[in-house]
Amino acid sequence: MLDHSTIDDCFRALAEPTRRAIFERLSRGPASVSDLARPFDMTLTAIGQHLQVLEGCGLVRSEKIGRVRTCRVDAAGLDTLAGWVAERRSLIERGLDRLGRMLAEEDLSPDDQTTH
């Protein structure tokens, strides 16, 4: 069973435009906090707070080597979201399949239907 609190945290994190932009940048490859901050008009501290939220929900991880903190997407966090989306998709597709079968049965004329 999926941990819905983690999923909620991920969606909350990605709902904020700056965090979503940071995540999209990291989707192209690892980057330092300084590189991530460059396109934004905010302090390194503010970028660090956004990164803490992304790390807290498992979408991003970082490591510090010397004076440089490098961040990257954490695939495990994406797997959690992908699992949630796959469950919803499966439920919707099953419902649409049932609807399709019902509509196909209604399209049959009484002469074409077999009795059981």
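The values are calculated or read from the model by the stated rules, or taken from the named source; none is laboratory data. These figures come from a predicted structure and were not determined experimentally. Here Cβ is always computed from backbone atoms with ideal geometry, including for glycine, and neighbour counts include all displayed protein chains. The protein model used for the area step is the full one, side chains on, heavy atoms only, and it has no ligands, DNA or RNA in it. Shrake-Rupley method; radii C 1.70, N 1.55, O 1.52, S 1.80 Å.
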| Given the rule -39500 (n - 2.57) for each run of at least 4 DSSP H residues, summed and divided by the residues of the chain, what is its mean residue ellipticity at 222 nm, to the nearest 500 deg cm²/dmol? | -21000 deg cm²/dmol
| Excluding ligands, DNA and RNA, what is the solvent-accessible area per residue of the chain at a probe of 1.4 Å, expressed in Å²? | 71
| Nearest-ten-degree value, helix 75-107 long axis tilted from longest Cα axis of the chain | 20
| task | Run the dipole for the chain about the Cα centre, Lys and Arg Cβ at +1, Asp and Glu Cβ at -1, nothing else charged, and hand back the magnitude in debye, nearest 20. | result | 1080
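Give, as a single signed number, the net charge of other residues whose beta carbon lies under 13 Å from the beta carbon of Ala86, with Lys and Arg counted +1 and Asp and Glu -1.
Numbers: positive: Arg88, Arg89, Arg94; negative: Asp79, Glu87, Glu93.
After counting each charged neighbour, the total is 0.
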| Helix 4-15 axis, angle to the chain major axis (alpha carbon atoms, nearest 10°) | 70
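Averaging sequence separations of C-alpha pairs under 8 Å and six or more residues apart, then dividing by the length of the chain, give the relative contact order as a whole percent.
With pairs under 8 Å counted, the relative contact order is 25 percent.
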| Taking Cα atoms, how many degrees apart are the long axis of helix 44-56 and the longest axis of the chain, rounded to 10 and kept between 0 and 90? | 40
| said: Probe radius 1.4 Å, ligands and nucleic acids ignored: give me the carbon and sulfur share of the accessible area of the chain as a rounded percent. | reply: 53
| note | Protection proxy (average C-beta count within 10 Å per residue), highest first, orders 37-50, 82-95 as 37-50, 82-95
| query | Out of the DSSP beta bridges found with both residues in the chain, what percent are antiparallel (nearest 5)? | reply | 100
